[in-house]
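Below is one structure; the comments refer to it alone.
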Amino acid sequence: MPGLSIVVPFLGNVKLLEDTLVSVLENRPEACEVLVVLNEDYDDPYSLHGEVSFVASRPDAGLVGALYRGVVASKSPVVHILACGMAACQQWTAAAMPHFDDPHVGAVAPLVLQADRPDRVVSAGLAYHRNGRVRCLSEGRRAGKVVPHCGPFVPDIRAAFYRRSALLELDGWNRRATFGLAGTDLALALQHQGFRCILEPASCTFAQASLVAKHGAFQTGMDEARLFWRWASRYGWAGSVASHAALLVGECLGGLLWPPRVVRMAGRLAGGLLSAAGQDRPAEPTRVIPSPHFRCTAASSQPVMTTASRDSSASNFSEACSSGPAAPRRAPG
């Protein structure tokens, strides 16, 4: 049995996927399996199916559905999520793995650095505040000057290690979580199950520019607000709502000097309305495509898997491509 499963969710950008796979396979640790979760057709020009297991996911499953599918299909006690566009380096998993010898550790955050400026930090994990703010820790600092954080700490979903059994024991997964906050949502769920999330700065990954770009102020505010209302009760309604109200007032006043703060506040209000309307309730379970959802190129010696043949036998591929529960369980809260 492999000791580590590297799960790469593919959501449409072929170049980013292949760049990530090149770095992973070049620096692949021993006793490791690599799984790519596909939500659309993919031409396998390099015939990677012998080194990579392709896992099927529905096109409408989104990031969280793809992550769940990959975790279920994995066979290792530790799962490493690596987003398309991330790059690995030699021995990047070595420092992170020993932390899981502690049964109370549920997740480990490696250091995420800029691919074009390897001395600059993208994130040293994320900080979640009870008022709803989420921020990247040590962003923009030099790699050797990471500042420890004492509050609620969560991994960056672009690169994160998780205890597989802890993820599968969660009450559920929030299928509506956005890319930037899916890791925060999972980590908060782990923490409320009694697990700790820690940083391992000696484990380094590198993010391409497309993964470093910021979202708009309105979208950021709305996403953070939806996450806040999902978890506010776990941190105490009175204190959480009071701190969230203070945040809104502060952003409104701060908008006099920096207008994007007002835009972000408007996004928070919109996110609160969506949460109040029940828009964040998990969707009804849907069927997961049971066979590999990709096709090989004609030049490959492997059979062609097209849309019309998705239900055909997958005997030439990994068991991970055709097994696993149909959908995530109901989300907590």
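The values are calculated or read from the model by the stated rules, or taken from the named source; none is laboratory data. These numbers come from a predicted model, not from an experiment. Please note: Cβ atoms are built from the backbone with ideal geometry, for glycine as well, and neighbour counts cover all protein chains shown. With ligands, DNA and RNA removed, areas are computed over all heavy atoms of the protein, side chains included. Shrake-Rupley method; radii C 1.70, N 1.55, O 1.52, S 1.80 Å.
Model label sites at Leu253 and Glu51, defined 7 Å from Cα along the beta-carbon direction, differ in position by 5.7 nm. Taking a ≥ b ≥ c as the square roots of the Cα gyration tensor eigenvalues, with a/c under 1.5 meaning rounded and otherwise prolate when a/b beats b/c, else oblate, which class fits region 85-172? Judged from the Cα gyration tensor, region 85-172 comes out oblate (a/c at least 1.5, b/c at or above a/b).
Relative to the current alpha-carbon distance between Ala213 and Gln91, full extension at 0.36 nm per residue lengthens the span by 41.2 nm.
Local charge for Leu25 was computed over the other residues whose Cβ lies under 11 Å away, with Lys and Arg +1 and Asp and Glu -1, and equals -2. With protein chains left intact and a 1.4 Å probe, residues in region 74-139 average 35 Å² of accessible area per residue. Dimensions of region 131-244 along the principal axes, based on C-alpha atoms and rounded to the nearest Å, stand at 39, 36, 27, largest first. Counting only residues at least eight positions apart within a chain, or on another chain, the lysines with an alpha carbon under 24 Å from that of Lys214 are Lys15, Lys145.
What region 186-228 shows is 41 Å² of accessible area per residue, with the surface traced by a 1.4 Å probe over protein heavy atoms. Beyond 12 Å, what share of the Cα-Cα pairs of region 1-43 is found? Please give it as a whole percent. Summing the P(r) tail past 12 Å for region 1-43 gives 61 percent.
Fully extending the segment from Arg28 to Ala238, taken as 0.36 nm per residue of separation minus the present Cα-Cα distance, adds 70.8 nm. Distance from the C-alpha centroid of region 1-76 to that of region 152-227: 18 Å, rounded to the whole angstrom. For region 1-129, the convex hull drawn through the C-alpha positions has a volume of 133 cubic angstrom per residue.
Phi angles across region 90-101 convert, under the Karplus curve 6.51 cos²θ - 1.76 cosθ + 1.60 with θ = phi - 60°, into 3J(HN,Hα) values of 4, 6, 6, 9, 4, 6, 7, 4, x, 4, 7, 5 Hz, Gly and Pro given as x.
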